[in-house]
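In what follows, a single structure is set out as structure tokens and then discussed.
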């Protein structure tokens with residue numbers, strides 16, 4: 001794992017931007033991996049060197065998809081499926 005950024009949600013789950021493995025990992029408060037999002041590519045739901053991760057109060061996860069020059073939003077209610085993507089200019 002190549003950790004670039006870490007954040008925590010209101011329930012204590014930890015989210016890790018795994019920069020060189022092109023994914024975001026979700027870890028339980030006890031340290032167990034429970035979900036992985038992303039793979040190397042440029043399509044919706046795919047990542048290229050994620051550099052930052054944040055979680056809003058509703059549980060949506062925002063990922064700075066650095067090399068694809070965009071932010072992807074993973075919807076908590078959508079099972080962490082991508083719900084939107086915005087190109088950064």
Practice task
Note down all Cβ pairs under 6 Å where the first residue falls in region 52-73 and is under 17 Å from residue 40 (Cα atoms), the second is modelled with pLDDT of 95 or more and assigned to a loop (DSSP other than H, G, I, E, B), and they're at least six residues apart or on different chains.
Solution key: 66/49; 67/48; 67/49; 68/48
Practice task
Identify, by number, the condition in (1) in contact with a strand residue (DSSP E or B) (Cβ under 6 Å, 6 or more places away or on another chain); (2) surrounded by 13 or more Cβ atoms within 10 Å (Cβ to Cβ) that residue 68 doesn't meet.
Solution key: (1)
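The values are calculated or read from the model by the stated rules, or taken from the named source; none is laboratory data. Just so it is clear, the structure is predicted and the values come from calculations on it, not from any experiment. So basically every Cβ, Gly included, is an ideal-geometry build from the backbone, and we count neighbours across all protein chains shown.
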